[in-house]
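The values are calculated or read from the model by the stated rules, or taken from the named source; none is laboratory data. All of these numbers come straight from a predicted model, not from anything done at the bench. As a convention, Cβ positions derive from the backbone with ideal geometry for all residues, glycine included, and neighbour counts pool all protein chains shown.
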Amino acid sequence: MPSCLSVALPVLLWSTCLLAAAPHQEVKGEAGEVLRVEVGPEGTSTRPIRMGLGLSTTLLFDTDIQQDQVSLEGRAQFVRVSTGNALLVLVPSGELRVGETLKLSVPYKDATLPARLVLTLQVQIEAVDRQVEVSRRSRSAESYRQEAEQLRAELERLRQGDARGAALAPERLEGFRALVLGTGAIADISVRAESHGLTCQNPCSLRIARSWAYSGGTRRALHLELELTGGAPWTIGRAVLSDGKGHEWESLTPWQAAPATPGSTTRATVEFEMNEGKKPGPYSLRIWDATGSRSSLFTDALFL
């Protein structure tokens with residue numbers, strides 16, 4: 001089998017002749033400068049290798065490569081593609097455009113990982129990488145197996161912890177117990193129920209059948225029973241409360257038990273932080289769906 005030197009020497013001599021035949025190509029940069037590229041275990045490099053039209057770029061690898069399985073995008077647009085045991089010489093033709101990028105995939109012979117490197121080539125005019133030394137930060141397949149085992153063990157531990165936590169917690173919390181445990185200490189709290197829901201301004205495909213208004217400290221919340229009279233399912237994306245005097249409050253992240261669909265009822269809660277003094281209202285409530293393409297406006301929202 002020919003050595004790297006026996007392959008590289010004719011190629012480099014041929015490249016020198018080609019360079020002499022193309023004096024219009026200007027290469028800037030220090031003579032003999034070597035680009036060193038280190039590729040991590042993921043097998044890719046973020047730094048593109050810069051090539052010049054009609055100029056040779058020589059890649060030297062730290063491990064033998066599978067020469068017959070090298071994959072080069074746009075290979076027909078290269079004047080020369082020569083490979084050795086750990087060597088690759090590329091000479092792009094004038095058919096390539098300046099700024100064009102191509103992918104180069106190089107497989108290794110050994111069994112360590114990554115088994116294949118993917119490099120990016122970019123055509124440049126001024127800065128050209130004539131010699132590139134490519135090194136690989138390899139990992140054995142055994143190290144990946146051990147890491148996978150550790151991740152599986154950690155996932156199982158978390159699952160068991162969730163199961164124990166669920167067993168210790170009450171199955172269901174309702175009423176004031178759920179409210180207090182969810183919000184912490186509150187100086188005062190008031191609740192107002194509206195069995196007839198809130199008035200909706202037409203057109204209105206989303207209806208509020210019933211509502212409960214909660215006030216505690218600087219927080220206001222509306223717990224709603226929603227009905228959808230028609231159209232696509234509705235999930236609340238955002239809500240805005242306004243007092244009619246130019247003051248508006250954007251809701252915190254809305255909660256909804258399930259998307260509202262025609263012929264069914266679902267529950268939702270929208271909550272607001274209102275630092276202003278306690279005012280009963282009335283307020284207007286506008287609700288948008290998750291896409292922001294539909295909205296419904298409700299009036300007469302009151303707080304105690």
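Residues that are surrounded by 13 or more Cβ atoms within 10 Å (Cβ to Cβ) and modelled with pLDDT under 90: does the stretch 78-98 have at least one? No; the residues of the stretch 78-98 include none that is surrounded by 13 or more Cβ atoms within 10 Å (Cβ to Cβ) and modelled with pLDDT under 90.
May I ask you to verify whether Gly237 is of a type in the set (Gly, Ala, Ser) and either in contact with a Pro (Cβ under 7 Å, 6 or more places away or on another chain) or at pLDDT 80 or above (or both)? Here the answer is yes, as Gly237 does meet what is asked.
Within the stretch 237-261, being among the hydroxyl-bearing types (Ser, Thr, Tyr) and surrounded by 12 or more Cβ atoms within 10 Å (Cβ to Cβ) holds for Ser242, Ser251, Thr261.
Do the conditions hold for Leu90, that is, is it under 21 Å from Gln124 (Cα atoms) and touching a Pro at 6+ places or on another chain (Cβ under 7 Å)? Judged against the criteria, Leu90 is not a match.
Would you check if there is a residue in the stretch 262-271 being surrounded by 15 or more Cβ atoms within 10 Å (Cβ to Cβ) and part of a loop (DSSP other than H, G, I, E, B)? Looking through the stretch 262-271, none of the residues is surrounded by 15 or more Cβ atoms within 10 Å (Cβ to Cβ) and part of a loop (DSSP other than H, G, I, E, B). Out of Arg36, Arg116, Arg75, Arg47, one residue alone is surrounded by fewer than 18 Cβ atoms within 10 Å (Cβ to Cβ) and at pLDDT 90 or above. It is Arg75.
Out of the residues in the stretch 67-88 that are of a type in the set (A, V, I, L, M, F, W, C) and not in a helix (DSSP H, G or I), which is nearest to Thr57 (Cα to Cα)?
Leu88
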